[in-house]
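Working notes, beginning with the structure itself.
The values are calculated or read from the model by the stated rules, or taken from the named source; none is laboratory data. Values in this document were obtained by computation on a predicted structure and should not be read as measured data. Neighbour counts are summed over all protein chains in view; Cβ atoms, including those assigned to glycine, are modelled from backbone coordinates with ideal geometry. Keep in mind that these areas ignore ligands, DNA and RNA; they rest on the heavy atoms of the full protein, side chains included. Shrake-Rupley method; radii C 1.70, N 1.55, O 1.52, S 1.80 Å.
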Amino acid sequence: TTRDEDVEFKKLLWTCVLCIVRDPNNSIAHEIIMNREFAASLLMYVDPNNTTLSSQRWQPPQMKEIQLHGLAILFNIVPLIPEHFHARDGHSVLIQFLSNYTDYERKQSCLKALLNTSEYDFFKKDFSDRGIMEILLDIIQNTRENSLDLRELAFNIISNICKDTRSNQKEFRRKGGIEVIKENLRYGEIDQTGNS
């Protein structure tokens with residue numbers, strides 16, 4: 001159900017599963033979560049196109065809480081089952097999620113999960129087709145809406161997906177990425193607070 005107690009119970013169950021599968025050498029647990037489609041179950045809550053989770057069923061704060069927890073779990077399991085996550089087109093769901101939500105918490109959690117996918121070549125090849133470059137460059141350029149850590153995550157993802165991937169390098173250049181880097185390297189535009 002959608003009662004607060006059941007939302008908390010769902011989060012506890014997801015955390016328990018993560019604790020069991022977190023060991024990179026526990027291949028039996030990894031096989032079980034793949035066979036039971038654990039990643040697909042989590043993606044159901046972050047997929048903007050999923051009609052089974054109607055907005056009438058969940059209150060917005062509940063949905064946000066579940067989405068943030070689901071993204072945190074995905075962040076941790078992507079390195080354990082990257083091929084499986086790729087086969088479920090999880091990276092496309094994350095990109096759609098990133099383009100649909102503008103609040104800091106969801107954006108940050110989604111960027112972290114995407115950062116983990118960006119380490120693998122089979123994800124990199126798909127990224128330029130999914131329009132992620134434009135989204136990431138927009139995050140970097142929009143300094144009023146996006147804090148330094150969000151922009152840093154976006155830069156790290158771009159760095160990963162461009163490394164040894166010619167199509168993404170070309171896309172980066174076509175979308176004005178070189179100019180974006182130059183603008184961000186100007187001393188006068190750097191936020192001088194803290195450890196920037």
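Which one of these is within 28 Å of Ala40 (Cα to Cα), open to solvent by 30 Å² or more (accessible area, probe 1.4 Å) and in contact with a His (Cβ under 9 Å, 6 or more places away or on another chain): Tyr120, Tyr101?
Details: Tyr101 fails: in contact with a His (Cβ under 9 Å, 6 or more places away or on another chain).
Exactly one of Tyr120, Tyr101 is within 28 Å of Ala40 (Cα to Cα), open to solvent by 30 Å² or more (accessible area, probe 1.4 Å) and in contact with a His (Cβ under 9 Å, 6 or more places away or on another chain), namely Tyr120.
Pick from segment 47-96 the residues that are among the aliphatic types (A, V, I, L, M) and more than 13 Å from the chain's Cα centre (by Cα): which of them is modelled with the lowest pLDDT? Let's see the steps before the verdict.
Taking segment 47-96 first, the residues among the aliphatic types (A, V, I, L, M) are 53, 63, 66, 68, 71-74, 77-78, 80-81, 87, 93-95.
So of that shortlist, the ones also more than 13 Å from the chain's Cα centre (by Cα) come out as 53, 63, 66, 80-81, 87.
Numbers: Leu53: 67, Met63: 89, Ile66: 93, Leu80: 96, Ile81: 97, Ala87: 96.
Here the residue is Leu53.
Filter segment 1-29 for residues that are in contact (Cβ under 8 Å) with a residue 12 or more places away in the chain and open to solvent by 90 Å² or more (accessible area, probe 1.4 Å) and give the result.
First, pick out the residues of segment 1-29 that are in contact (Cβ under 8 Å) with a residue 12 or more places away in the chain: 2, 4, 7, 10-11, 14-15, 17-18, 21-22, 24.
Residues satisfying the conditions are Asp4, Arg22, Pro24.
Looking for whichever is surrounded by fewer than 19 Cβ atoms within 10 Å (Cβ to Cβ) and β-branched (Val, Ile, Thr) here; the options are Ile73, Ile32. Which one fits?
On the way: Ile73 fails: surrounded by fewer than 19 Cβ atoms within 10 Å (Cβ to Cβ).
None of the others qualify; the one that does is Ile32.
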